[in-house]
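Data first, discussion second: the structure below is written as structure tokens.
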Amino acid sequence: MTAPPRTPRAAAGMTLLETLVYIAVLAVIVNLTLVLFISGTRLSLAGSNAVDRMMGLDEIDNAFTRTVRQADAVCGGVGDHRTGPDTLVLALHPAPGEDARFAVFGRLGPGQQRLSRLIVVEKNGAYTSERFATFRPDLEAIRFDYDTADPARARCISLWLDAEDGRKQDNPSNGTTLRAAIRTIGAPRTGG
């Protein structure tokens, strides 16, 4: 009887130790790939949120600047809305058949975290809401600043916004300031 032929080491297969090393290396590679994937997803989401905030702030800038430039004057108030640090009431040029037209900027609802604009029309002593728009994004803070101590005499208005971005913002310089000047010079109006 002859002994079975010896097979070369490569044909015999892998040892248990080699299999464990292979599994460990594979686990490290899978772990690194997963970490890179999660980091990339978070970065993509953060970038998307930043773009959304920038687009929202641009939309606010366009509406705010356009409305302020069309205004005749800053108004003391209309209805329940009064001009102050958190609300701006502008007297606009009335359309034919209207007694007065106003634009109100601010957080106009209870618990509202977004800036809103309300167009109010006065006809025959009665006020009606013509248009209402709410702008994104959610805001931590809104503040209106005027170029004079008396807002009714203001010709230049600044709107300071701090958009929520999920991070704690202790530095007030992180906000965005929008400035606009009233184009026409007219007598300040007061609303009811």
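The values are calculated or read from the model by the stated rules, or taken from the named source; none is laboratory data. Remember, it's a predicted structure, so these values are computed and weren't measured experimentally. Every residue, glycine as well, gets a Cβ built from its backbone with ideal geometry; the counts of neighbours run over all protein chains shown.
Val121: in contact with a Ser or Thr (Cβ under 8 Å, 6 or more places away or on another chain), within 20 Å of Ala180 (Cα to Cα) and β-branched (Val, Ile, Thr), yes or no? It would help to see each step written out before you state the result.
On the way: in contact with a Ser or Thr (Cβ under 8 Å, 6 or more places away or on another chain): yes; within 20 Å of Ala180 (Cα to Cα): no; β-branched (Val, Ile, Thr): yes.
Spelling it out, it is not the case that Val121 is in contact with a Ser or Thr (Cβ under 8 Å, 6 or more places away or on another chain), within 20 Å of Ala180 (Cα to Cα) and β-branched (Val, Ile, Thr).
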Subject >> Filter result (free of Cβ contacts under 8 Å to residues at least 24 places away in the same chain and in contact with a helix residue (DSSP H, G or I) (Cβ under 9 Å, 6 or more places away or on another chain)) within region 122-151 >> reply: Asp147
**OP:** Mind listing whichever residues of region 127-139 are under 16 Å from Ser116 (Cβ atoms) and assigned to a strand (DSSP E or B)?
**Re:** Ser129, Glu130, Arg131, Phe132, Ala133, Thr134, Leu139
**OP:** Scan region 72-84 for residues that are touching a residue at least 60 places away in the same chain (Cβ under 8 Å) and farther than 14 Å from Val121 by Cα and jot them down.
**Re:** Asp72, Ala73, Val74, Gly76, Thr83, Gly84
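Of the residues Thr2, Thr19, which is at pLDDT below 90, out of contact with any strand residue (DSSP E or B) (no Cβ under 7 Å at 6 or more places or on another chain) and β-branched (Val, Ile, Thr)? Write out each step before concluding.
Numbers: Thr19 fails: at pLDDT below 90.
Answer to the selection: Thr2.
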**OP:** Name every residue in region 14-73 that is surrounded by 12 or more Cβ atoms within 10 Å (Cβ to Cβ), outside any helix (DSSP H, G or I) and out of contact with any His (no Cβ under 7 Å at 6 or more places or on another chain), in order of residue number.
**Re:** Ala71, Ala73
Subject >> The lone exception for Trp160 - which of (1) within 23 Å of Asn62 (Cβ to Cβ); (2) outside any loop (DSSP other than H, G, I, E, B); (3) more than 14 Å from the chain's Cα centre (by Cα); (4) not hydroxyl-bearing (Ser, Thr, Tyr) it fails >> reply: (3)
Original post:
Failed condition for Thr184, given (1) surrounded by 13 or more Cβ atoms within 10 Å (Cβ to Cβ); (2) at pLDDT below 65; (3) of a type in the set (Ser, Thr, Tyr), with all others met?
Top reply: (1)
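Is region 89-100 home to any residue that is in contact with a strand residue (DSSP E or B) (Cβ under 8 Å, 6 or more places away or on another chain), assigned to a helix (DSSP H, G or I) and either closer than 16 Å to Ile142 by Cβ or among the small types (Gly, Ala, Ser) (or both)? Working first, answer last.
Narrowing region 89-100 to residues in contact with a strand residue (DSSP E or B) (Cβ under 8 Å, 6 or more places away or on another chain): 89-95, 97-100.
Checking which are assigned to a helix (DSSP H, G or I) leaves us with none.
Taking every residue of region 89-100 in turn, none turns out to be in contact with a strand residue (DSSP E or B) (Cβ under 8 Å, 6 or more places away or on another chain), assigned to a helix (DSSP H, G or I) and either closer than 16 Å to Ile142 by Cβ or among the small types (Gly, Ala, Ser) (or both).
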Original post:
Does region 26-62 hold any residues that are more than 14 Å from the chain's Cα centre (by Cα) and aliphatic (A, V, I, L, M), and which are they?
Top reply: Leu26, Ala27, Val28, Ile29, Val30, Leu32, Leu34, Val35, Leu36, Ile38, Leu43, Leu45
**OP:** Specify the residue that is surrounded by the most Cβ atoms within 10 Å (Cβ to Cβ); the eligible residues are those in region 101-129 that are modelled with pLDDT of 90 or more and charged (D, E, K, R).
**Re:** Arg101
